[in-house]
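Q: Let me give you the structure first, and then I'll get to my questions.
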Amino acid sequence: MNRHRTAAAATLLALLLPVPLAAAGTAAAGTAAAADAPAAATDSRRGAPELPRPTGRFAVGQDTLHLVDRSRTDPWARSGPRELMVTMRYPARRDTGGTARYLTREEARLLLVDRGLDKVIPVETLAGTVTHSRPGARPIAGKYPLVVLSPGFTVHRSTLTALAEELASRGYVVASVDHAYESVGTAFPGGRVLECLACERVEAGTPMKAVSDNRARDVSFLLDRLTGRDPLWRHSGVIDAQRIAMAGHSIGGASAVAAMATDPRIRAGINLDGGLATPVPAAGLGGRPVMLVGAQERGPGGNKTWDDNWPLLDGWKRWITFTGSGHFTFSDFPAIGERLGLPVDPNAPLPGTRSVELTRRYVTAFLDLHLRGTPQPLLDGPTADAPEVRFHTP
């Protein structure tokens with residue numbers, strides 16, 4: 001995997017590199033994965049960073065699903081059915097044990113090996129990052145909107161954990177998806193850890209549109225299994241199938257728009273700093289709302305795909321950027337680096353805690369407006385308490 005030294009992995013590992021050495025399984029549908037087992041209060045976790053706590057009134061429950069789409073052959077392996085790993089988070093009771101681990105040790109190890117740093121950085125520094133999700137917790141009765149989250153290319157679904165936990169704490173069901181063979185290492189059932197075959201194909205010239213189009217198909221299959229006649233998740237009864245949105249980071253954000261173009265069940269979409277590899281259809285998206293949230297250079301003229309596709313978005317829309325931000329501002333990486341006391345990236349000086357706060361605030365406001373009908377003046381324009389946020393009207 002050393003040949004797949006992607007920018008995504010490089011960014012995370014650049015954050016972790018200065019950490020001293022002293023800082024130191026999966027399951028079928030409806031069953032928490034081995035990685036979700038409550039973390040014991042052991043010495044190996046004492047030096048681990050902790051993600052910012054969610055601010056909503058609910059505790060966060062967590063389950064892990066392994067989904068198999070036997071109607072499709074995996075496009076990257078070119079054999080076998082398409083598979084997904086999905087972390088479900090949901091409003092839960094506060095009467096369960098410890099919290100879930102961030103990554104399995106093997107997932108963390110592969111990320112470090114990919115950069116040749118496995119002898120320098122303790123695996124547990126990353127794998128042991130403290131989350132606030134409770135495996136197997138009982139859901140709070142009710143009907144909640146569903147939000148699908150898709151990560152950036154090469155990175156694990158866990159990299160959007162802080163956002164997922166916030167949404168679940170505020171009364172959303174969140175499905176965070178790992179798309180098989182699209183990360184440097186994701187654990188699947190049977191002791192398998194699938195590595196990034198898609199990286200080889202992209203490096204060989206396969207366009208990123210193939211990735212976003214394929215993820216759109218993944219998401220439609222996921223919605224079938226969560227909200228169809230025979231739902232696979234044991235708690236599917238808490239999902240309001242009439243209120244579904246999708247958000248994603250990087251190619252995951254592009255995939256949100258691609259999925260909206262093919263699946264009318266997705267009522268709203270958010271693209272967190274992803275180039276639109278799959279163009280918006282000429283006929284638009286049926287008036288459905290979209291929000292583009294970008295790094296500081298993503299204003300008009302900063303990315304041709306945003307410039308070209310903005311006029312085709314035919315519903316409510318916003319284009320905002322965060323001053324001082326970079327591509328990974330919208331993931332967990334800056335917060336993890338800040339919690340470890342690492343130097344701030346001079347190209348993206350927005351502090352990690354503030355990055356999480358702003359991402360959570362604007363994503364939640366968008367979802368509250370379009371899935372709950374709650375007015376959100378925050379989305380009408382600049383505010384004094386968020387001077388980093390710029391609104392663009394090209």
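What follows draws every value from the coordinates through simple rules; no lab data is involved. None of these values were measured; they are calculated from a predicted model. Virtual Cβ from ideal backbone geometry, glycine too; neighbours counted across all protein chains shown.
Q: In region 207-316, if the dipole is taken from +1 on Lys/Arg beta carbons and -1 on Asp/Glu beta carbons about the Cα centre, which of P300, S220, L313 is farthest to the positive end?
A: The residue sitting most towards the positive pole is S220.
Q: Order by neighbour count: I270, I140, fewest other Cβ atoms within 10 Å first, most last. It would help to have the intermediate numbers written out before the result.
A: On the way: I270 30, I140 17.
So the ranking, lowest neighbour count to highest, is I140, I270.
Q: Using +1 on the beta carbon of Lys and Arg, -1 on that of Asp and Glu, and nothing else charged, what's the dipole of the chain about the Cα centre, debye to 20? Mind dumping the intermediate values first?
A: Values: 45 positive and 39 negative charges, 155 e Å.
The calculated dipole for the chain is roughly 740 debye.
Q: Within 10 Å, count the other beta carbons around each residue, average over each peptide in 367-374, 332-339, 262-269, and list them highest first. Intermediate values should be presented prior to the final figure.
A: Values: 367-374: 17.1, 332-339: 24.1, 262-269: 19.0.
Sorting 367-374, 332-339, 262-269 by mean packing, highest first, produces 332-339, 262-269, 367-374.
Q: Ranking R93, R70, R361 by Cβ neighbours within 10 Å, fewest first, what do you get? Intermediate values should be presented prior to the final figure.
A: On the way: R93 14, R70 9, R361 17.
Exposure proxy ranking, most exposed first: R70, R93, R361.
Q: Still on this structure: Under a plain spin-label model, where a point goes 7 Å from the Cα along Cα-to-Cβ, how far apart in nm are T374 and K317?
A: Distance between label points: 2.7 nm.
Q: I need the peptides 106-114, 300-308 ranked by packing, meaning the mean over residues of other C-beta atoms within 10 angstrom, with the highest value on top. Don't skip to the answer; put the middle values down first.
A: Working: 106-114: 22.3, 300-308: 14.8.
Highest to lowest by the protection proxy: 106-114, 300-308.
Q: Evaluate the relative contact order of region 309-394 (contact order divided by residue number), counting alpha-carbon pairs under 8 angstrom at least 6 apart; express in whole percent. Don't skip to the answer; put the middle values down first.
A: On the way: 78 pairs, mean separation 30.6, N = 86.
Relative contact order, region 309-394: 36 percent.
Q: Quick one: grab the alpha carbon gyration tensor of region 230-339, order the square roots of its eigenvalues as a ≥ b ≥ c, and give me rounded if a/c is under 1.5, else prolate or oblate depending on whether a/b is larger than b/c.
A: On the way: a/c = 2.44, a/b = 1.18, b/c = 2.07.
Note, shape of region 230-339 comes out oblate.
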